[in-house]
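For reference, the structure is listed below as structure tokens.
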Amino acid sequence: MIKGVIFDVDGTLFDSMGAWHDSGYNVLKSIGIDADKGIGDIFFSMTMDEVIDYMQEKFPVNKSREFLRKGIHDQVEYAYRNEIELKPGVMQILDWIRDQKIPATIATSTDRFLIEIGLERLGIEKYFDGIYTATEVGKSKNHPDIFQLAMDKMGTKPGETWLFEDGLYSMITAKAYGMPVVGVYDKVSHDDQEAIKQVADIYLEDLRDLDFEDFLRR
């Protein structure tokens, strides 16, 4: 029985992964470093601090951590304030979960202030009982700590708490922790889709395809 739901944000609720994917590359380019544009694939599973660590270790970066962080945040913040939209089907799912009186929380690798900007602008902050970020937890979603904190807030256990997620690495963590997973397609993680289909309990190319009656029986 479903007693709680945890949502990823970027690539799951928000159609925002494109903004994140190229931000690190753009910052490196702005300071004269010619990185492969595919570096966004490497940054996909990292926290902001891990991205900056990688930049400083792998490239001749002569800028401070604060400069790099601000450069990435400025690009993404503009998108969150002005451009990013909900993925199709998000509102139907959130309304259904609220109608069923199932608690919902957020577990994200994105910093809190950006998530709050996006949630408020798109008018969906009221649907969530809590926001948990990898930066605040101090570990990426390669570790289950962030999910456990969200479950502590909802008073639920892994086997009865579903994760909606587009990132394969996070799904693997959740499944190993005993959580069922709804795998959500996002174009940035297109190459992982076959693996995601194997990991996820439910796979959705489109959030509008969720069968609510079947979901409730799980």
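The values are calculated or read from the model by the stated rules, or taken from the named source; none is laboratory data. Being a predicted model, the structure only gives us computed values, none of them experimental. We place every Cβ from the backbone using ideal geometry, glycine too, and count neighbours over all the protein chains shown. Please note that ligands, DNA and RNA were not included when accessible areas were found on the heavy atoms of the full protein model with its side chains. Shrake-Rupley method; radii C 1.70, N 1.55, O 1.52, S 1.80 Å.
One table, with the values for the structure above:
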read-out	value
Test: residue in segment 115-133 that is open to solvent by 60 Å² or more (accessible area, probe 1.4 Å), at pLDDT below 95 and within 21 Å of Val76 (Cβ to Cβ)	no
Number of the exception - Ala79 against (1) in a helix (DSSP H, G or I); (2) among the small types (Gly, Ala, Ser); (3) free of Cβ contacts under 8 Å to residues at least 60 places away in the same chain	(3)
Any hit, segment 106-113, residues being surrounded by fewer than 17 Cβ atoms within 10 Å (Cβ to Cβ), of a type outside the set (Val, Ile, Thr) and within 18 Å of the chain's Cα centre (by Cα)	yes
Among residues of segment 23-66, those that are in a helix (DSSP H, G or I), of a type in the set (S, T, N, Q) and open to solvent by less than 50 Å² (accessible area, probe 1.4 Å), counted	1
Ile172 vs. criteria modelled with pLDDT of 95 or more and open to solvent by less than 10 Å² (accessible area, probe 1.4 Å)	no
Qualifying positions in segment 11-21 - open to solvent by less than 10 Å² (accessible area, probe 1.4 Å) and either under 9 Å from the mean Cα position of the chain (by Cα) or aromatic (Phe, Trp, Tyr) (or both)	Gly11, Thr12, Leu13, Phe14
Test: residue in segment 92-101 that is modelled with pLDDT of 90 or more, among the polar types (S, T, N, Q) and in a helix (DSSP H, G or I)	yes
Meets criteria (touching a residue at least 24 places away in the same chain (Cβ under 8 Å), surrounded by fewer than 17 Cβ atoms within 10 Å (Cβ to Cβ) and more than 18 Å from the chain's Cα centre (by Cα)) for Arg208	yes
Count of residues meeting criterion [over 24 Å from Leu94 (Cβ atoms), assigned to a helix (DSSP H, G or I) and touching a helix residue (DSSP H, G or I) at 6+ places or on another chain (Cβ under 6 Å)] in segment 178-207	2
Single residue of Gly155, Gly138 found to be modelled with pLDDT under 95, open to solvent by 40 Å² or more (accessible area, probe 1.4 Å), at positive phi and of a type outside the set (A, V, I, L, M)	Gly138
Matching option when the condition is in contact with an Asp or Glu (Cβ under 6 Å, 6 or more places away or on another chain) and either within 27 Å of His190 (Cβ to Cβ) or open to solvent by less than 20 Å² (accessible area, probe 1.4 Å) (or both), among Glu77, Glu165, Glu83	Glu165
